[in-house]
Amino acid sequence: PSGSSGGLDMPAPRMTWERLRTRARLASGLILFAYVLSHLLNHALGLVSYEALLAGGNRFLWFWRLPPVQFLLYGALAVHVANALYALATLRAPRGLGALEIFRLLSGFALPPLLILHVLGTVGVAPFGVRTGYGPVLMSIWVLKPHLAWLQSIALVLAWAHGCVGLHVWLRFRDGYRRLRPALGIAALLIPVVS
């Protein structure tokens, strides 16, 4: 006999495909959100000084480029994209989707084309010995090709909003979220502004 089940052993809830997919989407989304949050907070160090931005950038890159962390990050990206493609392929009634779900789907599919130049220009060139980091990236996108700065800014805000909507959808029925929602909303607005 075990505890409060009245002496009956209750079977563990069966892991269905939908539950597994939901958990994978949540876990991968949280990892990607942590990456975007740390990236934006690092950008905010630029308000302190350029040196603070560079020092924070070195720590940011050191952590996210650790092999196990990088494996988790790229794995999370692959799982998140695969999950989105599956959701799109099995979508039956778009009229039944709420505005947040539509935004989440559209923003998620808009991000890869917006980010591809940034990824290729930072991570993609590193194996060839090209120096990356905040200095070269800032020079490249804000001085040499300012139209890229606007694209990167839109991508960052869109990635942040996509993550915030995902967190809201996950937390909206949790105890205490309603109480914390105003403070979290303020943080959600301030973080991209200061970055």
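The values are calculated or read from the model by the stated rules, or taken from the named source; none is laboratory data. It should be emphasised that the depicted structure is a prediction, and the values quoted were computed from it without experimental measurement. In this analysis, Cβ positions are derived from the backbone assuming ideal geometry, glycine residues included, and neighbour counts consider all displayed protein chains. What goes into the accessible areas is simple: the full protein's heavy atoms, side chains included, and nothing from ligands, DNA or RNA. Shrake-Rupley method; radii C 1.70, N 1.55, O 1.52, S 1.80 Å.
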Measuring from the longest principal axis of the C-alpha atoms of the chain, the long axis of helix 17-44 (C-alpha) lies at a number of degrees, nearest 10, equal to 30
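How much mean residue ellipticity at 222 nm does the chain get from its helices, if each DSSP H run of length 4 or more adds -39500 (n - 2.57) and you divide by all residues, to the nearest 500 deg cm²/dmol?
Details: 7 runs with 139 residues, N = 195.
Here the helix-only value at 222 nm equals -24500 deg cm²/dmol.
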The chain, Gaussian network, Cα under 10 Å: of Leu32, Leu73, Leu117, the residue fluctuating most is Leu117
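Compute the projected area of the convex hull of the Cα atoms of the chain, averaged over all viewing directions, and report it in nm² to one decimal place.
Details: hull surface 62.0 nm².
Hull-based average projected area comes out at 15.5 nm².
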For the chain, dividing by residue count, accessible area per residue (probe 1.4 Å) in Å² works out to 68
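If I take every Cα pair under 8 Å that is 6 or more residues apart in the chain, average their sequence separation and divide by the length, what percent do I get for the relative contact order?
On the way: 109 pairs, mean separation 55.8, N = 195.
In percent, rounded to a whole number, it is 29.
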Taking a crude spin-label model, label points 7 Å out from Cα along the C-beta direction, the Trp64 to Lys145 distance in nm is 1.9
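If I compute solvent accessible area with a 1.4 Å probe over the protein chains, what percent of it on region 19-118 is carbon and sulfur?
Working: 4720 of 6320 Å².
Here it works out to 75 percent.
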Rounded to the nearest 10 degrees, the helix 99-122 long axis (Cα) sits at an angle to the longest Cα principal axis of the chain of 40
Longest principal axis of the chain (C-alpha) makes with the long axis of helix 177-194 (C-alpha) an angle, in degrees to the nearest 10, of 20
Sorted by accessible surface (1.4 Å probe, heavy atoms of the protein chains only), largest first, Glu101, Glu18, Glu51 come out as Glu51, Glu18, Glu101
